[in-house]
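Here the structure is laid out as structure tokens; the discussion comes afterwards.
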Amino acid sequence: MNQMTFPDHRPLTTAPQGAGLVPDPRQAPAAAPVMNLTDVSVFYGSYEAVRNTTMPVHTHQITAMIGPSGCGKSTVLRSLNRMNDLIPGARVAGGVTYHGQDIYERDVDPIQVRRRIGMVFQKPNPFPKSIFDNVAYGLKVNQIRDDVAGRVEQALRGAALWDEVKDKLKTSGLALSGGQQQRLCIARTIAVQPDVILMDEPCSALDPIATSKVEDLMHELAGQFTIVIVTHNMQQAARVSHHTAFFTAEVDANGVRHGRLVEFSETGRIFTNPVDKRTEDYITGRFG
Amino acid sequence: MTSPPAPPGPTAPGRHQRSDPTPRPTLASRGRDVLGDRLFRYLCLAAGCAVLATLVLILLSTLQQSWPALRESGLGFLTDSAWIPNDPDGPGPRKATFGALAFIYGSLVVSAIALVFAVPVAVAIALFLTQVAHRRLRGPAVTVIDLLAAIPSVVFGLWGILVVAPALAPVYDGIHGALGGIPGLGSLFGEPVSTGRGYMTAGLILAIMIVPIITSLAREVFTTVPAADMQAAYALGATRWEMIKGAVLPHSFGGLVGAVMLGLGRALGETIAVALVIGGSVQVTANLFASGDALPAVIVNQFGESGPLHRASLIGLGVVLFVITVLINVAARFLVRRAEIRMRGAAA
């Protein structure tokens, strides 16, 4: 993949020149996680959907979140770039830091957060625009105006889609197949050179061939981006990720269900030698 | 099912093998179902045909009724801007002239003014209601806007003639004074009529009348934009306006054109409010502050006192209005189709 120029590191706040500049992640030691979750609980109104999640997100690695339906893995993922803000009544307690800066602080602008922490969704969702404009849209909203055509090409190459679409950049993104659409969405995300890419079950709407293409792509992208992926496919987590977080749903004393992080570890350990009995039951298919 | 089990027959190779004989299902059609389905289909077909038949019959009967006038005036009916039903000043009858150009022009100008003012406002209201306003504000706001649509048009006309026109007359004077001297642009803002009744006032009244229609349709269109698209824009770091530009508006283009077309249809066809405030003069002028007349307004003003040829000519105006509306709708449909193909690809 071509080396891309890294974007500016404006502060997360809307203040033009504020305190809390983001350090260049490349200068940060490899061991320092790019993001840290500390006792994160997510509420929808008064309902606590996920309780006390503490885990790191390691730089330039793929972190997978697995677990049964309703365990809150997507909810946690969406709290990493403040997408939960869009749901009325949603609230996050605890600390989510990005390069040491709490993204839920008062003066943090969620738009600035999302420009650095991008997201790919479960269902491919290209805009009803041309392939080119789909990728260029992110550049436009990020006020990147120089060499748009070159950046679009780089992003499409980066998403392993260029050879398939280079002759029809003007056709609609919706005219592509499902797998191509999802890679277009990935191209759209990486075009703006985010630091972290969140993927919410990115392959669940794809056939096995398209899935394997996207998985290969994730491996390639991990060299350049930090990836967090939610998947309900355990084999996928085992194939692509370096670290795995296993979530489950618990019923507390009042009979209320909460999502809960059970175990976070290197993927190899989670799948061969899990510490928690619940993890073992889940990955061996004994989950009731 | 309680029918006795059918004797196990030979199983076709490659078919699912039945491990135990299950009752043979009754697959033959039941007469009652078929009848109901047919009846439903014919009812729907009839309803669809009724619409088409009504349109064709209206066109035919108006054409037939206006035929003497159309034959008499020929192409001049469309290209002549003189409309002289009877001799205004001479003692002997002079030849009457029926040219609809001034009214066609008036209708188009007034509708265009109405759209220019109404569309941005209506789309902005709809965006506010669907994307910005708090959920609790939505209900009451929608009710108020829909109430605007419930006001009878004659009330709008009276309000226009008694309040709006006199109030706007000095404003027109001011604009004319400020911009009238500029070459080209100045001809649009010429000497205003002293009463304030003219194209501009009629257009503004119409704008107010069509805002609720366009708003309510645009609102429906905006709510159909998939949440996934809006989230995709937000996830790229878009602001709310950038999200609307990137996700909401491209998705809504076809629906918005449809909404505008319905508003335009209302504007073109609006009779009494326009008749009251447009001023009623037969002329073709670029001056938006001048008085003029529009097709439906002429019909309603003159129909009661018309002789045979005059009457036929007025019905001819109706035919012209009908044709204009159809042409505009066909053009809009074409526009939408082309845009949809560009946005969604040839597949959809």
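Below, the figures for the structure above:
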item	result
Filter result for A:Ser74 (out of contact with any helix residue (DSSP H, G or I) (no Cβ under 6 Å at 6 or more places or on another chain), within 19 Å of A:Glu250 (Cα to Cα) and within 14 Å of another protein chain (Cβ to nearest Cβ))	yes
Every pair of residues 6+ apart whose Cβ atoms lie under 8 Å, when the first sits in segment B:70-89 and is more than 21 Å from B:Leu60 (Cβ to Cβ) while the second is of a type in the set (Lys, Arg) and at pLDDT 85 or above	none
Only one of B:Ala339, B:Ala312 that is more than 20 Å from the chain's Cα centre (by Cα) and either part of a helix (DSSP H, G or I) or under 30 Å from B:Val225 (Cα atoms) (or both)	B:Ala312
Of all residues in segment A:103-124 being in a loop (DSSP other than H, G, I, E, B) and hydrophobic (A, V, I, L, M, F, W, C), the one that is farthest from the other protein chains (Cβ to nearest Cβ)	A:Ile103
Inter-residue pairs, beta-carbon under 7 Å, first over 18 Å from B:Arg136 (Cα atoms) and more than 14 Å from chain B (Cβ to nearest Cβ) and in segment A:85-102, second crowded, with 18+ Cβ neighbours inside 10 Å and polar (S, T, N, Q), 6+ apart	A:Val92/A:Ser79; A:Val92/A:Asn84; A:Ala93/A:Ser41; A:Gly94/A:Ser41; A:Val96/A:Ser79; A:Thr97/A:Asn36
Those residues of segment B:180-200 which are assigned to a helix (DSSP H, G or I) and in contact with a Gly (Cβ under 6 Å, 6 or more places away or on another chain), in sequence order	B:Gly186, B:Tyr199
Candidates B:Glu220, B:Glu191 - the one that is closer than 30 Å to B:Pro170 by Cα, acidic (Asp, Glu) and out of contact with any Asp or Glu (no Cβ under 6 Å at 6 or more places or on another chain)	B:Glu191
Whichever residue in segment B:4-42 is among the charged types (D, E, K, R) and in a loop (DSSP other than H, G, I, E, B) and, among such residues, is modelled with the lowest pLDDT	B:Arg15
Total residues in segment B:97-150, condition touching a residue at least 40 places away in the same chain (Cβ under 8 Å) and outside any helix (DSSP H, G or I)	2
Residue within segment B:276-297 that is part of a helix (DSSP H, G or I), within 14 Å of chain A (Cβ to nearest Cβ) and out of contact with any Leu (no Cβ under 6 Å at 6 or more places or on another chain) present	no
Helices (runs of 4 or more DSSP H) lying entirely in segment A:125-216 (those with 3 or more residues that are surrounded by fewer than 21 Cβ atoms within 10 Å (Cβ to Cβ) and away from chain B (no Cβ under 14 Å))	A:148-158, A:162-165
From the options B:Arg266, B:Arg342, B:Arg333, residue that is out of contact with any Phe, Trp or Tyr (no Cβ under 7 Å at 6 or more places or on another chain), within 14 Å of chain A (Cβ to nearest Cβ) and not small (Gly, Ala, Ser)	B:Arg342
Residues being more than 7 Å from every other protein chain (Cβ to nearest Cβ), part of a helix (DSSP H, G or I) and surrounded by fewer than 19 Cβ atoms within 10 Å (Cβ to Cβ) - total across segment B:215-237	3
Test result for B:Val171, free of Cβ contacts under 8 Å to residues at least 24 places away in the same chain and β-branched (Val, Ile, Thr)	yes
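So that you can scan it fast, the table gives a plain yes or no per residue for (1) surrounded by 14 or more Cβ atoms within 10 Å (Cβ to Cβ); (2) modelled with pLDDT of 90 or more:
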site	(1), (2)
B:Ala114	yes, yes
B:Arg138	yes, no
B:Asp146	no, no
B:Trp159	yes, yes
B:Ala167	no, yes
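The values are calculated or read from the model by the stated rules, or taken from the named source; none is laboratory data. Small disclaimer: the values here were computed from a predicted structure and weren't measured. With ideal geometry, Cβ positions are generated from the backbone for all residues, glycine too; neighbour counts draw on all protein chains shown.
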